[in-house]
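See structure below.
The values are calculated or read from the model by the stated rules, or taken from the named source; none is laboratory data. As the structure is a prediction and not an experimental result, all values here were calculated from the model. Backbone-built Cβ (ideal geometry, glycine too); neighbour counts: all protein chains shown. Each accessible area value is taken on the protein alone, full model and side chains, heavy atoms only, with ligands, DNA and RNA left out. Shrake-Rupley method; radii C 1.70, N 1.55, O 1.52, S 1.80 Å.
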Amino acid sequence: MPADQEIKPTRQRIAVVAVGEGFQPAAQSLAAHLGVPLLREVPDKDAGAPELLLLLDDSGLTLTDGTMRLQPDLSSLARRAVPGKVQRELLVRAAKLKAGPHGLRAMDATAGFGSDALLLAAAGFEVTLYERDPVIAALAADALRRARELPQLDSAASRMTLLEGDSIAALQALSKPVDVVLLDPMFPERRKSASVKKKFQLLHRLERPCDNEDELLQAALDAHPRKVIIKRPLKGPYLAGKKPSYSISGKSVRYDCLVL
């Protein structure tokens with residue numbers, strides 16, 4: 001894709017910028033994959049500039065609107081993802097199961113940046129992550145790459161496989177059984193909450209709240225895992241109105257567990 005091509009309207013008018021010549025090949029590949037322009041430098045903020053930029057430099061991949069910046073970083077979980085501590089995590093408690101002959105397998109059907117999946121992986125699960133938004137998937141893949149470079153996270157991160165695509169279709173076509181399916185669809189009320197950090201407003205500009213929660217939950221149930229775990233805001237309604245077998249609640253989130 002020519003670096004000086006005219007910017008064409010896209011879903012969010014995103015462009016990719018490589019900061020440094022060494023990152024040009026990776027930036028060009030990413031721009032081609034996303035179907036967005038590749039720019040030689042960060043443009044001036046004017047009427048013709050993209051709304052969002054993906055900057056690739058020696059720190060990794062960053063999403064910015066020129067004011068806010070978002071670079072997911074799994075290293076902040078290092079202290080929580082260690083034996084003795086990770087077992088006390090709400091999600092890990094919700095997912096607790098006796099390992100079968102194949103070990104423990106989980107599918108995170110709404111991966112986001114992979115924080116929850118990392119905790120499951122640290123607890124011993126082999127985790128497959130699906131993220132439908134290609135920009136979020138690219139940011140998550142870069143975060144996972146950096147996590148694999150950290151000695152304290154390498155073991156857990158090596159048990160995570162991130163895939164870009166439709167998790168509903170993936171659930172319907174599973175070739176291997178999974179023990180746990182994790183669902184964390186974006187919740188509309190979160191978008192208006194004053195507690196949402198400014199940097200995550202960029203994420204909300206990319207991905208819509210879940211508009212097919214009935215289909216998503218049914219696909220998870222039809223995959224016949226041993227548990228479906230649904231992450232919800234503490235006082236949020238049940239996903240698709242389905243009452244769980246039990247719930248585990250923290251200060252701000254709740255895990256609804258459907259035992260099959």
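Only Lys, Arg, Asp and Glu count, each charged at its Cβ (+1, +1, -1, -1), so figure out the dipole size of the stretch 16-111 about its Cα centre, rounded to 20 debye. Spell out each step's value before the answer.
Values: 11 positive and 11 negative charges, 232 e Å.
In total the dipole reaches around 1120 debye.
Computed per residue of the chain from DSSP H runs no shorter than four, each worth -39500 (n - 2.57), the mean residue ellipticity at 222 nm is -7500 deg cm²/dmol.
Using a cut-off of 10 Å between beta-carbons, work out the net charge of the residues near D116 (Lys and Arg +1, Asp and Glu -1, D116 not included). It works out to a net charge of -2.
Net charge around L74, counting only other residues with Cβ within less than 15 Å of its Cβ (Lys, Arg = +1; Asp, Glu = -1)?
Values: positive: R79, R80, R145, R146, R148, R159; negative: D73, E89, D108, D116, E131, D142, E149, D154.
So the surrounding residues net to -2.
Within straight-line reach of K227, meaning a Cα separation under 18 Å, sit the following aspartates and glutamates at least 8 residues removed in sequence or on another chain: E89, D108, D116, E126, D179, D184, E213, D214, E215, D256.
In the context of the full set of protein chains, residues of the stretch 6-85 present 55 Å² of accessible surface per residue (probe radius 1.4 Å, heavy atoms only). Using the Cβ-Cβ distance between V259 and E51 with R0 set to 45 Å, the FRET efficiency from 1/(1 + (r/R0)^6) comes to roughly 0.55. Highest average first, the peptides 131-139, 23-31 ordered by how many other beta carbon atoms sit within 10 Å of their residues are 131-139, 23-31. The convex hull defined by the C-alpha atoms of the chain has an orientation-averaged projected area of 14.7 nm².
For the stretch 121-186, a Kirkwood hydrodynamic radius built from all Cα pairs, placed in the Stokes-Einstein relation at 10 °C and 1.306 mPa s, yields a translational diffusion coefficient of 123 µm²/s. Ordering L91, L139, P25 by the projection of their Cα atoms onto the charge dipole of the chain, which places +1 on the Cβ of Lys and Arg and -1 on the Cβ of Asp and Glu, puts L91 at the extreme positive end.
Within the stretch 5-103, what whole-number % of the accessible surface is contributed by carbon and sulfur, with the 1.4 Å probe and all protein chains included in the calculation? Write down the numbers at each step before the final one.
Working: 2880 of 5640 Å².
Within the stretch 5-103, the accessible surface is 51 percent carbon and sulfur.
Taking the DSSP beta bridges with both ends in the chain, the antiparallel portion is around 45 percent.
Can you tell me the orientation of helix 24-34 relative to the chain, as the angle in degrees between its alpha-carbon axis and the longest Cα principal axis, to the nearest 10? The answer is roughly 60 degrees.
To test your reading of the geometry: what angle, between 0 and 90 degrees and rounded to tens, separates the Cα axis of helix 213-222 from the longest principal axis of the chain? Roughly 50 degrees between the two axes.
Under unit Cβ charges (Lys, Arg +1; Asp, Glu -1), what dipole magnitude, rounded to 20 debye, does the chain have relative to its Cα centre?
Working: 37 positive and 32 negative charges, 310 e Å.
Computed about the Cα centre, the dipole is about 1480 debye.
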